[in-house]
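Enquirer: Below you'll find the structure I mean.
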Amino acid sequence: MGFQRGALLGLLGHPPLLIEGLRAWFAMSRIGGVTPSASYLEWRRFTAYGDRMATAGARDLIDYLSWRRSMRLIRSWEHVA
């Protein structure tokens, strides 16, 4: 899908998300960098932004990493109970 250039800089104001970003990057590299097909990404960009060539901005990256972090924390709480 791709992110705008400033998206990664937007993470500097969110230190916990920097770590989550590294976790996400490591998870992708661990599974061999599997990437979706170009046609799927085109469809996903169109459904998200109404443009097949759109790129995600800083807010999208921050929202995704926040969601990913909260889901990971919820899963860890479920294992404790």
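Enquirer: On a 0 to 90° scale, report how tilted helix 15-30 is relative to the longest principal axis of the chain, with both axes built from alpha carbons and the result rounded to the nearest 10.
Expert: 70
Enquirer: Which whole-number percentage describes the relative contact order of the chain, with Cα contacts under 8 Å and a sequence gap of 6 or more?
Expert: Dividing the mean separation by the residue count of the chain yields 47 percent.
Enquirer: Helix 58-80 against the longest principal axis of the chain: what's the angle in degrees, Cα atoms only, rounded to the nearest 10?
Expert: Once rounded, one gets 30 degrees.
Enquirer: Let's test the formula: R0 of 25 Å, r as the Cβ-Cβ distance of W77 and R44. What FRET efficiency results, to the nearest 0.05?
Expert: Plugging the Cβ-Cβ distance into 1/(1 + (r/R0)^6) gives 0.25.
Enquirer: Turning to a different aspect of this structure: Here are labelled values, (1) 43, 27, 15; (2) 43, 28, 22; (3) 52, 25, 17, and one is the computed Cα extents along the principal axes in Å for what I pasted. Which one?
Expert: Matching the structure shown: (2).
Enquirer: Which of I74, I62, I19 comes first, and how do the rest follow, when ranked by fewest Cβ neighbours within 10 Å?
Expert: I74, I19, I62
Enquirer: How many nm is it between the label spots at T55 and L9, if each spot is 7 Å from the Cα in line with the beta carbon?
Expert: 1.2
Readers should treat all values here as calculations from the given coordinates under stated rules, not as data from a laboratory. Here the structure is a predicted model, which is why all the values come from computation and not from measurement. Cβ coordinates were reconstructed from backbone atoms using ideal geometry, including for glycine residues, and neighbour counts include every protein chain displayed.
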